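Reviewing the structure listed below.
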Amino acid sequence: MTYIVASILGLGSLALLFLAIGHLLVALVLIIPTWRICTRAGFSGALSLFHLIPVIGWLIVMGILAFSTWPNGEASPGRR
Amino acid sequence: MGLDVAALMGLFGLTGAFAVVGAVLAAWMAWRIVEKAGLPGWTGLGAVLLTLAVVSSIVPLILLWVFAFMRWPRDEPATAALGYGAPSGVPGPSPTPALAPPPKTLADRRGWRLTGSLPGGRGVAFAIDGSAAAYVLTGAPAAQAGELSLSDPSVGQPHARLLTAAGRLGLEDLGTPGGTFIDGARLLPEHGPRDISAARTIRLGSVELALSRA
């Protein structure tokens with residue numbers, strides 16, 4: 001019985017580890033371009049690390065980029 | 001059993017609601033972000049719609065990478081053919097290469113007026129009649145001809161340069177921390193001189209000046 005419980009816990013931990021690694025890999029693929037977008041907009045590139053937050057991280061980054069004034073300037077309304 | 005089904009349905013409902021709200025928010029924010037970069041807003045909306053249409057694909061990632069590394073219209077030098085050159089004797093961060101004059105001159109030869117008020121409440125007004133090729137906007141008291149003084153701590157010494165050429169008015173930021181803005185959009189030193197003939201307001205640091213024809 002103890003062996004079965006230990007096996008289940010071990011498998012669960014392993015699954016969790018793979019899930020975390022997968023999340024980190026996906027986040028990395030998102031962080032690199034977002035880092036560049038943030039720096040081009042004039043924000044700190046570290047803002048893109050919000051992608052590490054599961055589920056809502058991308059919403060936070062997009063919200064900041066969409067609703068704040070870009071320090072490096074935005075396209076003037078005439079160019080849009 | 002019924003309770004389990006209800007819980008499952010509730011979970012699906014919540015997930016679906018989150019997905020719908022997230023999609024609408026993403027579309028709205030993508031519209032705004034690409035507009036700030038100078039692209040038409042519908043391209044951002046289209047990207048999100050494409051992402052929704054091709055669920056769980058690599059499409060959003062590709063679009064994100066393309067947007068991050070593409071050339072943004074915002075960064076294109078709008079003043080490349082304006083015909084402004086660096087006037088001699090006027091301080092600046094780097095010499096601006098003299099460019100060829102514009103192919104056509106504008107018929108409107110009136111000057112400009114810059115009016116505003118300093119944070120202390122004092123009014124300020126400058127007349128730009130085009131008699132000089134350049135004017136320097138500075139936070140220090142005007143020491144020589146062509147210097148326009150805005151005595152405010154947020155205004156650099158010097159802060160920006162106004163250039164006149166062929167009936168048009170240009171503005172160039174000289175790299176001060178307070179920043180220079182044209183109709184709310186930040187002007188950076190690397191942008192060079194920008195044509196502000198049709199602009200309504202410029203801001204130097206915290207001092208906002210309304211621009212009008214004299």
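For region B:165-171, take each phi angle, set θ = phi - 60°, evaluate the Karplus expression 6.51 cos²θ - 1.76 cosθ + 1.60, and give the result in whole Hz per residue in order, putting x for glycine and proline.
Computed from phi, the couplings for region B:165-171 are 7, 6, x, 10, 10, x, 9 Hz.
Count the net charge of all other residues whose Cβ sits under 10 Å from the Cβ of B:G192, scoring Lys and Arg as +1 and Asp and Glu as -1.
Working: positive: B:R194; negative: B:E172, B:D173, B:E190.
So the environment of B:G192 carries a net charge of -2.
Hey, what did region A:30-80 get for relative contact order, percent, Cα under 8 Å, at least 6 apart?
Numbers: 41 pairs, mean separation 17.5, N = 51.
After rounding, I find 34 percent.
What does the charge count near B:P158 come to, summing +1 for each Lys or Arg and -1 for each Asp or Glu among other residues with Cβ under 14 Å from its Cβ? Provide the component values of the computation, followed by the final result.
Details: positive: B:R161; negative: B:E147, B:D152, B:E172, B:D173.
Result for the local shell: -3.
Mind checking the log10 I(q)/I(0) for region A:25-68 at q = 0.34 Å⁻¹? Debye, one equal scatterer per Cα, no solvent, two decimals.
Normalising to I(0) and taking log10 leaves -1.30.
Taking only Cα atoms, what is the 0 to 90° angle, nearest 10, from helix A:2-41's long axis to the longest principal axis of chain A?
10 degrees
Once the other residues with Cβ under 13 Å from the Cβ of B:G146 are scored (Lys, Arg +1; Asp, Glu -1), what is the net sum? Could you put the intermediate results ahead of the total?
On the way: positive: B:R161; negative: B:D129, B:E147.
Here the count lands on -1.
Dividing the alpha-carbon Rg of region B:171-214 by 2.2 N^0.38 Å yields what? Walk me through the numbers before you get to the answer.
Working: Rg = 9.9 Å, N = 44, 2.2 N^0.38 = 9.3 Å.
Scaled against compact globular proteins, the figure is 1.07.
Using the basic label-point model (7 angstrom from Cα toward the beta carbon), what is the B:L25 to A:A6 distance in nanometres?
4.5 nm
Along the principal axes of its C-alpha atoms, what lengths does region B:112-213 span, in descending order and rounded to whole Å?
Principal-axis extents of the Cα atoms in region B:112-213, largest first: 35, 26, 24 Å.
If each of A:V55 and A:T39 carries a label point 7 Å out from its Cα toward its Cβ, how far apart are those two points in nm?
Output for this residue pair reads 3.2 nm.
Read the figures in this text as sums done on the coordinates, not as results from a lab. Just so you know, these numbers come straight off a predicted model, no measurement behind them. Heads up, the Cβs are rebuilt from the backbone with ideal geometry, glycines too, and the neighbour counts pull from every protein chain shown.
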